[in-house]
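In what follows, a structure is listed as structure tokens, so that the remarks can point back to it.
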Amino acid sequence: MGIVPGYVYILPAAIVVGWILSWWGARRVRWVLLSAAAVVSVLCVVIGWQAMGPPAGPRTVSCSSTWACTDPGSLYLVAAGLLGCGCCFVLLLLAMVGEAILIWRRRRISD
């Protein structure tokens, strides 16, 4: 995993698992779940970005670089949110393809 802690991957994993389980429910559940996951991911990015605070010059706070002065917790929250947004985008594309296949199969069966 490198230097990124494992809890960064919890949000994307929960999104993927929820999306997979939603295929056994109503279509509305799938889209509501995906929309809620996207909102939570964006909130993680915004809250993490705000927690970083204004950029400070490394010389004014005696840090070796600007990144050294940044709280890693907020960076991990931003990373989790960005990964969640990426998962939502990929799952959105997969859901649209899956819905198209289901509609095509229903039409084919009814003919």
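How would Trp31, Trp49 line up by accessible area, probe 1.4 Å, largest first?
Working: Trp31 75, Trp49 155 Å².
Most to least solvent-accessible, the answer reads Trp49, Trp31.
Can you list the HN-Hα couplings for the range 20-28, worked out from phi with the Karplus curve (6.51, -1.76, 1.60; θ = phi - 60°), rounded to whole Hz and with x for Gly and Pro?
Once rounded to whole Hz, the list reads 5, 5, 5, 6, 8, x, 6, 4, 4.
The values are calculated or read from the model by the stated rules, or taken from the named source; none is laboratory data. Keep in mind it's a predicted model, so treat the numbers as computed, not measured. Quick note on the areas: whole protein, heavy atoms, side chains included, nothing else; ligands and nucleic acids left out. Shrake-Rupley method; radii C 1.70, N 1.55, O 1.52, S 1.80 Å.
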